[in-house]
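A.B. asks: Below are the structure tokens for one structure; questions will follow.
The values are calculated or read from the model by the stated rules, or taken from the named source; none is laboratory data. Owing to the predicted nature of the structure, the values given are computational and were not obtained by experimental measurement. Note that we place each Cβ from the backbone using ideal geometry, even for glycine, and neighbour counts take in every protein chain shown.
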């Protein structure tokens, strides 16, 4: 079986113009098509998340947003994140609790993927493979379970850290 793995650093899956089999939907278009009101502050937060090249936690999202709109507050960030989660447009991740109890957010992709977290340097990599898709199919067939969400995180040491002495 050919697994055709795709590996990306941070939150880059679905952002490359060359890789067309993994995509991220436009959060703005999805919300607009559902008739959800997009205030200027919501548009700002959603734009930051959509364009982020890394996984963002709520505090970092607020920090970035405040540079563009000093009037934005933490409650608006959390209400927006809650709305995006309820709409099924973003995933909430803990990324192996590398930085304590923080939760991180990313726009969903059209294919499930795994997150690999380096215990030493904190690097996050994303991994997608047809082998992962086959495993999900096998799990569903053998159990009769309809899989609606997948969260897989792997902790270890990245290539760079493995080559450094401890």
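A.B. asks: Within region 130-162, which residues are within 16 Å of the chain's Cα centre (by Cα), surrounded by 12 or more Cβ atoms within 10 Å (Cβ to Cβ) and part of a loop (DSSP other than H, G, I, E, B)?
C.D. replies: Once the filter is applied, which keeps residues that are within 16 Å of the chain's Cα centre (by Cα), surrounded by 12 or more Cβ atoms within 10 Å (Cβ to Cβ) and part of a loop (DSSP other than H, G, I, E, B), region 130-162 yields 150, 152.
A.B. asks: Could you please give the count of residues in region 91-107 that are at pLDDT 80 or above, surrounded by fewer than 20 Cβ atoms within 10 Å (Cβ to Cβ) and within 14 Å of residue 150 (Cα to Cα)?
C.D. replies: 2
A.B. asks: On to the next question. Looking at 82, 76, which is the one that is modelled with pLDDT of 85 or more, touching a helix residue (DSSP H, G or I) at 6+ places or on another chain (Cβ under 6 Å) and either outside the structural domain of residue 158 (by TED's automatic domain parsing) or surrounded by fewer than 15 Cβ atoms within 10 Å (Cβ to Cβ) (or both)?
C.D. replies: That would be 76, the only listed residue that is modelled with pLDDT of 85 or more, touching a helix residue (DSSP H, G or I) at 6+ places or on another chain (Cβ under 6 Å) and either outside the structural domain of residue 158 (by TED's automatic domain parsing) or surrounded by fewer than 15 Cβ atoms within 10 Å (Cβ to Cβ) (or both).
A.B. asks: Of the residues that make up region 114-131, is at least one in contact with a helix residue (DSSP H, G or I) (Cβ under 8 Å, 6 or more places away or on another chain), without any contact (Cβ under 8 Å) to a residue 24 or more places away in the chain and not assigned by TED's automatic domain parsing to the domain that holds residue 42?
C.D. replies: no
A.B. asks: Return the residues of region 54-91 that are part of a loop (DSSP other than H, G, I, E, B) and under 18 Å from residue 124 (Cβ atoms); say none if nothing qualifies.
C.D. replies: 54, 55 - these are the residues of region 54-91 that are part of a loop (DSSP other than H, G, I, E, B) and under 18 Å from residue 124 (Cβ atoms).
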